[in-house]
Amino acid sequence: MVYLKQQRPEKVTVPAVRASKERGERLVCLTAYDYPTARIVDEAGTDIILVGDSLGNVVLGYDSTVPVTLEDMLHHTRAVRRGVERALLVADMPYGSYHTGETEAVRAALRLVKEGGAEAVKLEGGRNRVEVIRRLVSEEIPVMGHVGLTPQSLNKLGSYRLQAKTADAARALVEDARMLEEAGVFAIVLEVVPREIARMVTEALRVPVIGIGAGADCDAQILVTHDLLGLSFSRTSPRFVRQYANLRAAITDAVTRYADDVRAGAFPSDTESYPLPADAAAELGLTRAGDEEVKKP
Ligand code: KIV
């Protein structure tokens with residue numbers, strides 16, 4: 001359920017997200033990469049807004065999230081920060097920013113918090129991330145985990161596909177998620193795994209599990225906002241995306257009508273233009289556009 005801001009005006013915080021699981025509240029999470037989207041999504045009552053590194057594919061035109069830089073994330077996080085009042089703002093740590101040592105990771109995360117205005121960071125991976133998560137948490141930086149399909153591992157995986165399909169892989173996933181919880185994450189994104197396995201992970205953890213392509217039994221759901229709005233240009237649409245609007249068609253229609261009007265001389269009209277004041281028109285001997293018809297016999 002989406003709560004309207006007026007109905008649930010209190011600021012969403014990291015402790016509130018943790019507590020939501022015990023209260024049985026289903027959190028609503030979406031991505032945003034810019035100020036207008038952030039305002040709209042926040043004002044509609046979204047609980048967590050993620051500046052996802054999916055911005056690499058969605059708004060920067062890359063084939064994957066791998067090329068996204070810390071500077072890209074900072075630029076977009078700052079814009080989103082200016083548009084968000086109520087939601088918890090989480091920024092993705094891009095590929096390469098937490099792989100070369102814990103001190104480097106702390107430095108990158110602190111930039112996202114101090115310069116970007118993020119209230120928490122998200123990073124991908126399971127047991128191999130325990131040390132870095134512990135270090136970030138010990139420096140008072142709230143961390144969201146991300147397991148299952150981890151798009152930054154594209155070069156290792158070869159393609160984006162369903163994860164945890166075997167019993168061994170499912171057991172390893174549950175163990176990874178437990179280790180992240182133990183390391184101190186306040187929530188975990190679980191991406192593209194079978195519904196039954198998502199339920200196992202959700203039941204095994206005390207922190208909220210935020211599903212994407214993981215079925216309805218997770219504690220929360222997240223989607224890429226551009227997918228939900230029909231503004232995505234990816235070649236395939238994953239089965240877990242529900243498109244609630246077709247803004248690509250709406251924008252194409254608006255731009256086509258504008259182009260037709262410009263070419264036909266029908267835009268702008270007089271009411272969309274600025275008239276010259278009457279005294280200046282008289283002094284210059286000009287007929288004012290709006291007066292033309294009145295003066296005609
Ligand atoms: O980058 C992103 O948008 C994400 C979500 C899909 C969870 O990580």
Any DSSP H helix in the chain with Cα axial reach of 15 Å or more and mean Kyte-Doolittle score of at least 0.0? Listed by number, the hits are 102-114
Could you please report the charge total around Q221, scoring K, R as +1 and D, E as -1 over all other residues with beta-carbon less than 13 angstrom from its beta-carbon? -3
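With a 10 Å Cβ neighbour count serving as the proxy for reagent exposure, in which order, fewest first, do Y95, Y274, Y258, Y62 appear?
Y274, Y258, Y62, Y95
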What does the charge add up to near R107, with Lys and Arg as +1, Asp and Glu as -1, over the other residues with Cβ less than 13 Å from its Cβ? -1
Indicate the gyration tensor shape class of the stretch 167-218 (rounded, prolate or oblate), computed on the Cα atoms with a ≥ b ≥ c the square roots of the eigenvalues: a/c under 1.5 is rounded; otherwise a/b larger than b/c is prolate and the rest oblate. oblate
Per the rule of 0.36 nm per residue minus the C-alpha distance, extending T69 to R171 adds in nm 33.4 nm
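Taking the convex hull of the Cα atoms, report for the stretch 88-174 its projected area averaged over all directions, in nm².
6.1 nm²
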What is the gain in length, in nm to one decimal, between F267 and E203 on full extension, counting 0.36 nm per residue of separation less the C-alpha to C-alpha distance? 17.1 nm
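Let me know the shape class of the stretch 1-113, please: from the alpha-carbon gyration tensor, a ≥ b ≥ c as square roots of the eigenvalues, rounded when a/c is under 1.5, otherwise prolate if a/b is greater than b/c, or oblate. The partial results should precede the final answer.
On the way: a/c = 2.17, a/b = 1.54, b/c = 1.41.
Prolate.
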How far apart, in nm, are two points set 7 Å out from the Cα along the Cα-to-Cβ line at T13 and at F240? 3.0 nm
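So what's the projected area for the stretch 178-275, the Cα convex hull averaged over all directions, in nm²?
10.6 nm²
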Which peptide among 277-283, 85-91, 48-54 comes first, and what is the full order, when sorted by highest mean count of other Cβ atoms within 10 Å? 48-54, 85-91, 277-283
A correct fewest-to-most ranking of T236, T202 by other Cβ atoms within 10 Å would be T236, T202
When only C-alpha pairs under 8 Å and at least 6 residues apart count, what is the relative contact order of the stretch 29-130, in percent? 28 percent
How would the chain be classified by its alpha-carbon gyration tensor: rounded, prolate or oblate, with rounded meaning a/c under 1.5 and the a/b versus b/c comparison settling the rest? prolate
Provide I188, I141 in ascending order of the number of other Cβ atoms located within 10 Å of each residue's Cβ, fewest first. I141, I188
Environment charge at L149 (Cβ cut-off 9 Å; Lys +1, Arg +1, Asp -1, Glu -1): 0
For E102, project a label point 7 Å along Cα to C-beta. Then give me every residue of the stretch 171-188 with its amide nitrogen under 13 Å of that point. 183-184
By per-residue mean of other Cβ atoms within 10 Å, what is the highest-first order of 96-102, 171-177, 147-153? 147-153, 171-177, 96-102
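Return a whole-number percent for the relative contact order of the chain, with Cα pairs under 8 Å and 6 or more residues apart as the contact set.
14 percent
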Measuring from centroid to centroid over Cα atoms, what is the spacing of the stretch 172-204 and the stretch 95-118 in Å? 23 Å
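Every read-out reported here was derived from the displayed coordinates using simple, explicitly stated rules and does not represent laboratory data. These figures come from a predicted structure and were not determined experimentally. With ideal geometry, Cβ positions are generated from the backbone for all residues, glycine too; neighbour counts draw on all protein chains shown.
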